[in-house]
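Everything on this sheet refers to the single structure shown next.
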Amino acid sequence: MPDKTTIQKTKLISLIGPPNSGKTTIFNYLSGQNYRTVNYPGATVEYSVSDFLKSFNINAKLLDSPGIISLSPKSPDEKVTVDSFFNHPKFGVADLVLLTVDASQLSRHLFLVEQVIRSGYNVIVVLTMCDILNSKGFDISLDKLKSMLGFDAVKLDGRNGDGLDELVNKIKLNHEKSENKKIVKHEFNEKDLMDIFNKTGNIEQEVLFSLNEYVPDVCKANLQLNVISDAKLRNKPDAKTIRYDKVFLHKYWGIIIFILIVSLTFTSIFWLSTPLMDLIDMLFTFLSAQADDLLGKTIFADFISNGLISGSGSVLVFLPQIIILFFILGILEDTGYLARGAMLIDKPLSKIGLNGRSFVPMLSGFACAIPAIMAARTIQNKKERLLTIFIIPLLSCSARLPVYSLLVAFLFPGSPFSSGLVLAAIYLFSIISSVIVSGFVNRFLPKIVNVSDKTSFIMELPAYRVPKFKFVLKNTLDNAGQYLKKAGPVIVIFSTVLWFLTYFPNTNPVIENQENIPQTELEHKINSERISTSYASNLGKVLEPVMRPIGMDWRIGVSLIATFTAREVFVSSLALILKATDSEEDLQQSIINQMNQAKIESTGNKMFTTSTTIGLIVFFVFALQCISTIAIIKKETGGWKIPVIQVLVFTFVAYLFTFLTVNGLRLMGIQ
Amino acid sequence: MTAADLKFGQKAKIDSLDVEHPSSFRLLEYGFTPGEEIELINTPLFKDPIQLSIRGALIAIRKSDAKCINIKLN
Ligand SMILES: Nc1nc2c(ncn2[C@@H]2O[C@H](COP(=O)(O)OP(=O)(O)OP(=O)(O)O)[C@@H](O)[C@H]2O)c(=O)[nH]1
Ligand SMILES: [Mg+2]
């Protein structure tokens, strides 16, 4: 079978190394890909495989993996690495291992190198962060390191790619000549570990040399002194980082700065994005008006301007907010601060059954639940991990932003400042609800799943760094692109289907006494008559009994059902169902105008009042309306149990709280 | 005395690890081996977790985990 031999010949080169040691940086250099590299241990939680860049002329697969401390995995992300390391389901055992080592933490990082070598692998050691080592006043002798390890080593500067050519050459050479010894999966015990550290400590002592020795007129005595203090100096963490930590982890300042940073992050999303949003809004209003002018009053024109343009426009308007959110999170992550955030909030989180390591997954949950749920893999303790996954859907993901922005703009017309504050309040509310839910579920979780491993929090705090704005921006735009790719088709398809359901079968409704009615009102009458006799209305009537108790009618019911494909769809489906395309005004404003006019059909009362609008917001805070989230939770928790419980509980809670909010407000006299 | 009892800015040498403690193996892997020097760098608001330095790295660690590191003050 010729096929089989070619498959077997594809060589596998694996990047392995401790968290935050530069694996993904090297992966991106070698493969030309653009994966996320940030200053947080645990940035990568799934392995990725790629070919080498064509120009390198290396015929092999390159594998990037989540960081590991040792070959005995403790958390699911480490298990991903170790499992795929010893036997990748598709590519088998690695033929060559590129081991990244942070040169400024030699003895700790060589530990893993030694474990991998003892397992029989053929390796090349790649030293990163040599710049940090130099700033401590030390450099490393590659020759000594090579001879002590018995394997090749190379320096690579992750900031600019210096040393890449040498690495590529070494890979090629190694590729042709060397291969693995017999691979054995050792069970390392305590004694082995101490043994290995003894050895790596020795290596560190031998290969590092003080840069001071090169100063020509240093007298012998001084040299002597230097040698004595060498060990101490070597083991000193980055001085700048310690200075910053005295502030960021200060008893009082630390927590004040933490609260400031987190709240500034969220509020700035709204304040920074307003001008950009206006721009996009103008563009779509213009397009919609153009379409109307060009195509006249035909079915086709209605489809283009109502179905497609305002459908996609009403969602695209919110792209700036999403981009800004991703950008700020990226910058924060790259400075190295987020690991401190995790540390500062570990104690409070542990009170509700979570862990400091839940912090970053939760924070990214504000962008999108899907990567957030995957990021929860860095949590060792199973109960804490499940609980984190359980509450992530409650955090306000960016898909809810369009909905909230619209509803808040409806409540506070023409006041961006208070809108910003209210949006921040909604975020706070979603955080508080998730805390309460977490504390509550924490009590019941042992009954649902059987877990009893011990909780702990041990986390490496990376050195502070000036964030690489260019990379973060590129990553952000990539993310935004993915968001569009994911949401875009859904929105177009849904807008089409919904437009069809609201336009047919009564395409030309007959209105009596046409002569007495002014033109604009006539159009409005035709539109609403068409909708209330449409397929959508027939379907929606089924929802009427459920919607009435919360002060809404079938039209919102249909929009809410639509949101199960993606929450953003709510806005475009409202636009469609309320027929909001007034070419005179911008898009958001015309939806708001239509919301002001909408009446509940059976009673004639206004549909969007203060109470029902707040009720809707409450509904969106709790409801788990996202198929992709449900799918990823099933995958990450290994079964349907958790996602099914989540859908049932969150939908019930959402409905109940909406009911209580709407009717409570009405009792208090707020309509 | 254990690493959980360290005061702000205090340095100590690791004497041994309590092997009964579930975190001891992981701590060993992080480089907390007998004979190494550790220093308490910061104790934020709740005094837990604490920030230790070991082998040139900064590690945040809960006090309940630090308890398994037996130390000798310098
Ligand atoms: N100063 C300096 N920074 C570097 C160097 N190499 C990488 N970095 C930075 O170190 C950080 C971590 O790099 P990554 O490539 O994300 O590390 P990783 O090993 O993939 O990390 P995990 O996926 O979390 O295990 C990033 O902010 C990089 O830009 C280097 O040689 N010098
Ligand atoms: Mg990575």
Next item on the list: Name the single residue, out of those in the stretch B:42-54 being within 11 Å of the chain's Cα centre (by Cα) and within 7 Å of chain A (Cβ to nearest Cβ), that is nearest to A:LEU106 (Cα to Cα).
Entry: B:SER53
Next item on the list: Could you list all residues from the stretch A:126-139 that are open to solvent by less than 10 Å² (accessible area, probe 1.4 Å) and either within 14 Å of chain B (Cβ to nearest Cβ) or over 22 Å from B:ILE54 (Cβ atoms) (or both)?
Entry: A:VAL126, A:LEU133, A:PHE138
Notebook entry, point to check: Going by the structure shown, is A:SER611 in contact (Cβ under 8 Å) with a residue 60 or more places away in the chain, assigned by TED's automatic domain parsing to the domain that holds A:ILE531 and small (Gly, Ala, Ser)?
Noted result: yes
Check: In the set A:SER14, A:SER72, A:SER104, which member is within 14 Å of ligand 1 (Cβ to nearest atom), outside any helix (DSSP H, G or I) and small (Gly, Ala, Ser)?
Finding: A:SER14
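Results for (1) away from chain B (no Cβ under 14 Å); (2) modelled with pLDDT under 80; (3) buried (at least 23 other Cβ atoms within 10 Å of the Cβ); (4) assigned to a strand (DSSP E or B), shown as yes or no for each residue.
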position: A:THR388; (1), (2), (3), (4): yes, no, yes, no
position: A:GLY414; (1), (2), (3), (4): yes, yes, no, no
position: A:SER419; (1), (2), (3), (4): yes, yes, no, no
position: A:ILE431; (1), (2), (3), (4): yes, no, no, no
position: A:GLY439; (1), (2), (3), (4): yes, no, no, no
position: A:THR455; (1), (2), (3), (4): no, no, no, no
position: A:TYR464; (1), (2), (3), (4): no, no, no, no
Next item on the list: State the number of residues belonging to the stretch A:17-55 that are closer than 21 Å to A:HIS88 by Cβ, more than 6 Å from ligand 1 (Cβ to nearest atom) and not aliphatic (A, V, I, L, M).
Entry: 12
Notebook entry, point to check: How do the helices (runs of 4 or more DSSP H) wholly within the stretch A:570-671 filter down when requiring 2 or more residues that are under 28 Å from A:TYR503 (Cα atoms): which remain?
Noted result: A:587-597, A:610-622
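Quick check on the stretch A:498-515: of everything there that is of a type in the set (S, T, N, Q) and at pLDDT 70 or above, which residue is least open to solvent (accessible area, probe 1.4 Å)?
A:THR502
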Notebook entry, point to check: Among A:ILE323, A:ILE379, which is the only one that is surrounded by fewer than 23 Cβ atoms within 10 Å (Cβ to Cβ) and of a type outside the set (Lys, Arg)?
Noted result: A:ILE323
Notebook entry, point to check: Has the stretch A:525-536 got any residue that is of a type in the set (Phe, Trp, Tyr) and at pLDDT 80 or above?
Noted result: yes
Item checked: Pair list, Cβ < 8 Å and 6+ apart or interchain, from the stretch B:24-41 residues that are at negative phi and more than 7 Å from chain A (Cβ to nearest Cβ) to residues that are aromatic (Phe, Trp, Tyr) and buried (at least 23 other Cβ atoms within 10 Å of the Cβ) -> B:ILE38/B:PHE32
Checklist line | Yes/no for A:PHE91 being within 15 Å of ligand 1 (Cβ to nearest atom), of a type in the set (A, V, I, L, M, F, W, C) and either open to solvent by 30 Å² or more (accessible area, probe 1.4 Å) or more than 13 Å from chain B (Cβ to nearest Cβ) (or both) | finding: no
Check: Within the stretch A:241-260, which residues are open to solvent by 40 Å² or more (accessible area, probe 1.4 Å) and part of a helix (DSSP H, G or I)?
Finding: A:ARG243, A:TYR244, A:LYS246, A:VAL247, A:PHE248, A:TRP253, A:ILE256, A:ILE259, A:LEU260
Next item on the list: Considering only the stretch A:147-166, state which residues are within 16 Å of ligand 1 (Cβ to nearest atom) and more than 32 Å from the chain's Cα centre (by Cα).
Entry: A:ALA153, A:VAL154, A:ASP165, A:GLU166
Notebook entry, point to check: Out of curiosity, is A:ALA94 more than 13 Å from ligand 2 (Cβ to nearest atom) and touching a Cys at 6+ places or on another chain (Cβ under 7 Å)?
Noted result: no
Check: When the stretch A:524-553 is examined, which residues are found to be closer than 28 Å to A:LEU660 by Cα, assigned to a loop (DSSP other than H, G, I, E, B) and either among the small types (Gly, Ala, Ser) or touching a Pro at 6+ places or on another chain (Cβ under 9 Å) (or both)?
Finding: A:GLY551
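Counting only residues that are in contact (Cβ under 8 Å) with a residue 24 or more places away in the chain and not in a helix (DSSP H, G or I), which one in the stretch A:75-88 is nearest to the other protein chains (Cβ to nearest Cβ)? Talk me through it step by step, then tell me what you get.
Kept after step one, since they are in contact (Cβ under 8 Å) with a residue 24 or more places away in the chain, are these residues of the stretch A:75-88: A:75-77, A:80-81, A:84-86, A:88.
So of that shortlist, the ones also not in a helix (DSSP H, G or I) come out as A:75, A:88.
Details: A:SER75: 10, A:HIS88: 23 Å.
Among them, the one singled out is A:SER75.
Going through B:LYS11, B:LYS63 one at a time, which residue ends up being more than 7 Å from chain A (Cβ to nearest Cβ), under 19 Å from A:ASP238 (Cα atoms) and of a type in the set (Lys, Arg)?
B:LYS11
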Check: Taking A:LYS155, is it at pLDDT 90 or above, under 19 Å from A:PRO18 (Cβ atoms) and open to solvent by 30 Å² or more (accessible area, probe 1.4 Å)?
Finding: yes
Check: For residues in the stretch A:334-359 being over 19 Å from B:PHE46 (Cβ atoms) and open to solvent by less than 20 Å² (accessible area, probe 1.4 Å), which is farthest from the other protein chains (Cβ to nearest Cβ)?
Finding: A:ASP334
Next item on the list: Search the stretch A:27-44 for residues being open to solvent by less than 40 Å² (accessible area, probe 1.4 Å) and more than 9 Å from ligand 2 (Cβ to nearest atom), and hand back the single one that is farthest from the chain's Cα centre (by Cα).
Entry: A:LEU30
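The values are calculated or read from the model by the stated rules, or taken from the named source; none is laboratory data. All figures in this text were calculated on a predicted structure; none of them were measured in a lab. Because the Cβ atoms are built from the backbone with ideal geometry, glycine has one as well, and the counts that use them run over all protein chains shown. Just so you know, the surface numbers come from the protein's heavy atoms only, side chains and all, with ligands and any DNA or RNA stripped out. Shrake-Rupley method; radii C 1.70, N 1.55, O 1.52, S 1.80 Å.
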